[in-house]
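The values are calculated or read from the model by the stated rules, or taken from the named source; none is laboratory data. This is a predicted model, so every value here is computed, not measured. Cβ placement follows ideal geometry from the backbone for every residue including glycine, while neighbour counts extend to all protein chains displayed.
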Amino acid sequence: MDPRKIYILVVAILLGIFVVAQNKSFNKLDVLSRDGKSNVFQEIQILKEKNLSLKSEMDDLEANLKLLTSQGDALKAIDDEIKRYTKISGQSPIFGPGFYIKFEGKITTPWLVDFINELWSTGAQAVAVNGIRITNETVGFDSLPQGQVLLNGSILSSPFVIEVIGESSTILGNIEVGGGILQRMKAALPGMKVSYERKDIIQMQ
Amino acid sequence: MNKQISVVLVAAGICFGVLMSWQFASDAPSDSNFLADEISARENLIKGFLDEQTYLQSRIVFLRKEIEREQDLIKSQGTESSLTELEKLKRILGLSEITGKGLEVTLNDSPIAVRQGEDISSKGLIQAADIRDVVNLMNAASADAISVNGQRIIASSPISSVGTTILVNNSYISPPFVVSAIGDPEIMIQRLSNRAALPELYKRVQESKVSMKVSLREWVRIPIYNGDLKYNYINLVE
């Protein structure tokens, strides 16, 4: 066969491969999506951790019930429960170890919702955005017509400082992972700057 | 003649390249039993975890109710004010069942989409982000309580996905996804009708035939939160 024809054939085959590769890369861009891709190991890990947390909660509740049924300890059990629930209800100021993360630039409401969701998902115990603690009584994120973000009736503006109480290493490790929420946000919100700092004490109202 | 051969070669080469790439990218299972065994082992492992999770969640709900019953029994022993405070905290935290007027938003996959084995990117599937957006919108409309497929939503409830599976409070849920909310139905309907508030979802409702149905309800029941509450890193400022 004429060597020129072989070259043409090889080039054509490569072209075919590139066409498919290009097509696939466009499909991937499509999922530059707000939900990351997880694998089976993560799936099993999530279930395992969830069950461990549930077991620990069950043990606490069983201990509490035991205290309540013993005459002398009932009052203590109630006080302990009040203290425990006060910590997470947002009714009193709290402090603890954690970190803050600062986003500079324009962020849209859905990405803030997703980021906060990721924080809870990876073990955050308390979260505040620009000083507003997120509790069950906080009015959710909203967008104003000009694109500003509203939280609990207050307009938030850049920089968005998100404070977190919890196990910093685990949470930061999960949000920074390749394909994780930070990478997806950076891809979707070009120009956004991100910085964070671990803190021994984060205080929230 | 030479030119014709070249054209045929180019066309054949491109076709061969395309077919080869598709073949390599194919997800078709191989004939090996190893893959089937692995999938089966994985399914069994996950099923084991899910069975355990169901048991633990129902046990937690049972224990919370038992604790409430015991607390009622000792109400007369000078604990009334403490118990009132505790009740208030439980209401705030989603540890009390709530009933009232509200609505239900039912989100469902496109009739032609298949969740099993599909990529989460499939436009015909409801995604975790859609549920998050609806839940956030209900929160922004000052809903008193929200649940998704019977899972009570609290501030720290994650709504995420693993592959095409959606997890709420890290528990598996499957379509149709029903977001129930107690609150002012008019405000909530107004927010849900605003296409600018849910642009991605409305776009896919039109283009990909995922469905969103809103129903007003005179009586909605939101169950108590059946998960764990983490607080070991939190300290109260005395």
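Using the structure shown, decide if A:ASP79 is over 15 Å from A:PHE141 (Cβ atoms), assigned to a helix (DSSP H, G or I) and either of a type outside the set (Phe, Trp, Tyr) or at the interface with another protein chain (Cβ under 7 Å from one of its Cβ atoms) (or both).
Answer is yes for this residue.
Taking the conditions exactly as written (closer than 30 Å to A:LEU75 by Cβ and modelled with pLDDT of 90 or more), does B:LEU93 satisfy them or not?
Answer is yes for this residue.
For B:SER142, work out the one condition from (1) closer than 18 Å to B:GLU104 by Cβ; (2) without any contact (Cβ under 8 Å) to a residue 60 or more places away in the chain; (3) within 15 Å of the chain's Cα centre (by Cα) it doesn't fulfil.
(3)
Those residues that are surrounded by 24 or more Cβ atoms within 10 Å (Cβ to Cβ), out of contact with any helix residue (DSSP H, G or I) (no Cβ under 8 Å at 6 or more places or on another chain) and more than 9 Å from chain A (Cβ to nearest Cβ), I need them from segment B:131-144; list them, please.
Within segment B:131-144, just B:ILE131 meets the criteria.
Would you say B:GLU66 is under 33 Å from the mean Cα position of the chain (by Cα), farther than 30 Å from B:ALA141 by Cβ and facing another protein chain (nearest Cβ under 7 Å)?
In short, yes.
Rundown of residues vs (1) more than 7 Å from every other protein chain (Cβ to nearest Cβ); (2) buried (at least 18 other Cβ atoms within 10 Å of the Cβ), yes/no style:
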site	(1), (2)
A:TYR85	no, yes
A:SER92	no, no
A:TYR100	yes, no
A:THR108	yes, no
A:TRP111	yes, yes
A:ASN117	no, yes
A:THR122	yes, yes
A:ILE134	no, yes
A:GLY140	no, yes
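Take segment A:126-149 and flag every residue that is in contact (Cβ under 8 Å) with a residue 40 or more places away in the chain and farther than 21 Å from B:ASN232 by Cα.
A:GLY131, A:GLU137, A:THR138, A:GLY147, A:VAL149
State yes or no: is B:SER157 surrounded by fewer than 20 Cβ atoms within 10 Å (Cβ to Cβ), out of contact with any Cys (no Cβ under 7 Å at 6 or more places or on another chain) and of a type in the set (S, T, N, Q)?
Criteria not met by B:SER157.
Out of all the residues in segment B:114-130, which are more than 10 Å from every other protein chain (Cβ to nearest Cβ) and touching a residue at least 40 places away in the same chain (Cβ under 8 Å)?
Matches in segment B:114-130: B:ARG115, B:GLN116, B:GLY117, B:GLU118, B:GLY124, B:LEU125, B:ILE126.
Looking at segment B:190-199, is at least one residue under 30 Å from B:PHE62 (Cα atoms) and more than 13 Å from chain A (Cβ to nearest Cβ)?
No, every residue in segment B:190-199 fails to be under 30 Å from B:PHE62 (Cα atoms) and more than 13 Å from chain A (Cβ to nearest Cβ).
Take B:SER161 and decide whether it is modelled with pLDDT under 90 and either closer than 16 Å to A:PHE141 by Cβ or under 12 Å from the mean Cα position of the chain (by Cα) (or both).
The answer is yes for B:SER161.
Has segment B:160-173 got at least one residue that is crowded, with 22+ Cβ neighbours inside 10 Å, without any contact (Cβ under 8 Å) to a residue 40 or more places away in the chain and not β-branched (Val, Ile, Thr)?
Taking every residue of segment B:160-173 in turn, at least one turns out to be crowded, with 22+ Cβ neighbours inside 10 Å, without any contact (Cβ under 8 Å) to a residue 40 or more places away in the chain and not β-branched (Val, Ile, Thr).
When the residues of segment B:24-58 are filtered to those that are at the interface with chain A (Cβ under 10 Å from one of its Cβ atoms) and at pLDDT below 70, which remaining residue is farthest from B:SER171 (Cα to Cα)?
Out of the qualifying residues, it is B:PHE24.
Identify all residues within segment A:158-194 that are over 27 Å from A:ILE46 (Cα atoms) and either assigned to a helix (DSSP H, G or I) or of a type outside the set (Lys, Arg) (or both); write none if there are none.
A:SER158, A:PRO159, A:PHE160, A:VAL161, A:LEU189, A:PRO190, A:GLY191, A:MET192
Would you check which residues across segment A:88-115 are free of Cβ contacts under 8 Å to residues at least 24 places away in the same chain and either in contact with a strand residue (DSSP E or B) (Cβ under 9 Å, 6 or more places away or on another chain) or part of a helix (DSSP H, G or I) (or both) and list them?
A:SER92
Could you identify the single residue in A:VAL20, A:VAL40, A:VAL10 that is at pLDDT 80 or above, over 30 Å from A:THR135 (Cβ atoms) and within 9 Å of chain B (Cβ to nearest Cβ)?
Going through A:VAL20, A:VAL40, A:VAL10 in turn, the sole match is A:VAL10.
Given the residues B:LEU63, B:LEU86, B:LEU95, which is the only one that is among the aliphatic types (A, V, I, L, M), touching a residue at least 40 places away in the same chain (Cβ under 8 Å) and surrounded by 13 or more Cβ atoms within 10 Å (Cβ to Cβ)?
Testing whether each residue is among the aliphatic types (A, V, I, L, M), touching a residue at least 40 places away in the same chain (Cβ under 8 Å) and surrounded by 13 or more Cβ atoms within 10 Å (Cβ to Cβ) leaves just B:LEU95.
Looking at A:ILE155 and the list (1) assigned to a strand (DSSP E or B); (2) within 13 Å of chain B (Cβ to nearest Cβ); (3) surrounded by fewer than 21 Cβ atoms within 10 Å (Cβ to Cβ), which single condition is not satisfied?
(2)
Being buried (at least 20 other Cβ atoms within 10 Å of the Cβ) and either facing chain B (nearest Cβ under 7 Å) or assigned to a loop (DSSP other than H, G, I, E, B) (or both) narrows it down to one of A:LEU54, A:LEU65, so name that one.
A:LEU54
Looking at (1) at negative phi; (2) within 9 Å of chain A (Cβ to nearest Cβ), find the lone condition where B:GLY94 falls short.
(1)
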